[in-house]
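Only one structure is covered here, and it is reproduced in the block below.
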């Protein structure tokens with residue numbers, strides 16, 4: 001059973017008061033699935049984000065307002081989206097794999113008694129209209145294709161940077177619907193009281209066109225100084241494998257991988273990284289992987305476009321010097 | 001800082017998984033059953049993030065005093081593997097095992113865990129790993145908290161008892177958030193918490209003498225109809241790898257570094 005008039009609802013979120021890139025990606029995915037696409041925003045002062053959502057391809061924006069939503073606590077969001085789903089019976093709910101979305105999706109699915117596919121990299125309907133989600137499992141060593149049942153809604157948590165957003169069209173028209181969930185302040189049991197930011201200076205890892213990452217093979221914290229120098233020459237950012245972060249050589253905010261950041265640079269230079277699938281899950285969108293590793297059998301060389309088999313202590317200094325000369329010319 | 005009630009009663013949920021360090025060359029999927037096959041001779045392990053959760057529990061045991069019970073749901077448990085949390089310092093092991101506990105989805109797993117948690121008596125804190133290294137769903141902690149009606153904080157890098165509740169640092173891509181929750185609560189733990197401790201010889205000896213409590217589906221009153229997966233696995237396959245690596249070599253390693261830079265320039269990548 002596929003009701004093509006049933007909505008796809010995207011759980012929207014904002015970045016600095018504007019429509020987040022992740023939300024724009026999900027609107028594009030919703031359009032690809034067919035049928036009307038609505039974006040649900042919770043909180044206050046959402047009108048401009050709603051217009052941006054319509055321009056990005058949505059047909060409707062739900063604005064969920066309640067004093068209990070003011071702080072955007074997860075417990076309140078789950079309760080609000082639960083009420084919206086019960087009210088509007090969407091066919092599909094799309095959730096971005098963000099720190100918030102990863103939590104909201106499974107809790108919403110439990111309350112609605114429906115299935116959920118986590119961390120999806122592909123979503124399509126087969127010829128009978130069945131929704132099929134594809135997701136990496138076993139750290140990316142395998143892919144699973146999962147079929148949803150007819151239970152409504154199908155909830156899909158989608159990995160970032162898989163679907164490009166549509167070009168915004170400010171002339172697009174759509175409907176703005178206000179929805180006031182009935183929320184009790186006691187619904188908020190766990191409460192975020194503070195955010196502590198630890199952002200690296202320079203180009204953001206997630207946005208960088210060039211990323212230089214180091215792993216276990218570096219053997220200590222000092223070599224990251226060389227990686228920073230190289231990244232600086234290429235206007236890039238520094239990253240790291242989980243092993244290097246767990247060893248305390250560099251902060252976890254630099255971690256690339258399944259449980260770290262997802263990056264999509266044009267050039268990804270890895271030094272002393274073996275290329276375990278848990279790491280590759282964070283950089284599968286990199287266009288050109290360059291690997292320096294002393295083990296010729298390392299998995300990274302199966303994913304790389306360029307490779308040097310050798311000791312980074314000998315390879316890297318001359319590589320950096322040559323890059324320095326080249327970027328000058 | 002004093003604990004609300006000492007000792008704190010902690011349940012840690014752990015899963016036995018195929019060793020994620022299995023080399024890719026030994027990674028096999030059985031297309032007929034749509035299951036990943038364990039490599040011959042490679043024993044399963046306790047999921048890594050679940051060991052981080054055990055570590056979090058043991059730190060509370062060290063600092064404020066705690067009774068730590070480890071809970072697992074499944075079948076085909078290897079006792080040497082499942083006793084590892086005991087040898088690290090946990091007090092008790094409860095295995096919910098039944099032939100019907102196979103190919104469970106996160107909703108079914110959390111449902112069985114919720115029955116086991118209730119059966120195990122009063123508790124202050126439930127800890128889980130942030131996700132399991134097999135299906136990477138990161139779902140069981142959230143579903144379990146919903147089923148038990150508990151406040152839930154995920155991806156913890158630090159947790160402390162304070163007053164009548166918990167203060168948790170939840171890891172974020174660029175820092176962390178501080179979350180407060182009353183007890184009892186459920187927290188999922190991430191690797192940022194720090195490395196799990198190694199079992200001591202004394203711990204291994206003590207664990208050897210302990211007999212796990214085992215509960216079957218009937219003991220727990222499991223409604224078998226609730227174990228059916230909500231999604232159907234259509235396919236499970238190793239993704240194709242078609243990339244061809246161009247190896248750059250020179251007279252020596254330093255020369256290779258120089259030639260690599262020239263190659264990248266030639267291909268207009270830098």
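Just so it is clear, none of the values below were taken in a lab; they were calculated from the coordinates. If you're wondering where the values come from, they're calculated on a predicted model, not measured in any experiment. In this analysis, Cβ positions are derived from the backbone assuming ideal geometry, glycine residues included, and neighbour counts consider all displayed protein chains.
Take the Cα gyration tensor of chain A, multiply each eigenvalue by 5, square-root it, and list the three semi-axes largest first, rounded to whole angstrom.
Over the Cα atoms of chain A, the semi-axes work out to 40, 21, 19 Å.
Rounded, prolate or oblate for the protein assembly as shown? Axes are the square roots of the Cα gyration tensor eigenvalues, ordered a ≥ b ≥ c, and the cut-off for rounded is a/c under 1.5.
oblate
Averaged over A:24-33, how many beta carbons belonging to a partner chain fall within 10 Å of each residue's beta carbon?
0
Give me B:248, A:68, B:178 ranked fewest to most by other Cβ atoms within 10 Å of their Cβ, as a rough exposure proxy.
With the fewest neighbours first, B:248, A:68, B:178 line up as B:178, A:68, B:248.
How high is the relative contact order of chain B, in percent, with contacts defined as C-alpha pairs under 8 Å that are six or more residues apart?
23 percent
Have a look at the DSSP beta bridges in the protein assembly as shown and tell me what percent are antiparallel, nearest 5.
Given both bridge residues lie in the protein assembly as shown, the antiparallel proportion sits at roughly 35 percent.
For A:102, A:324, what's the fewest-to-most ordering of other Cβ within 10 Å of each Cβ?
A:324, A:102
By counting other Cβ atoms within 10 Å of each Cβ, how are A:295, A:119 ranked from fewest to most?
Placing the least packed residue first, the sequence is A:295, A:119.
Convert 37 °C to kelvin, take the viscosity as 0.692 mPa s, use the Kirkwood radius over C-alpha pairs of segment B:95-149 as Rh, and evaluate the Stokes-Einstein diffusion coefficient in µm²/s, rounded to a whole number.
It comes out at roughly 276 µm²/s.
For chain A, what does the relative contact order come out to in percent, with C-alpha contacts under 8 Å and a separation of six or more?
Relative contact order for chain A comes out at 14 percent.
For peptide A:255-261, compute the average count of partner chain beta-carbon atoms within 10 Å of each residue's beta-carbon.
3
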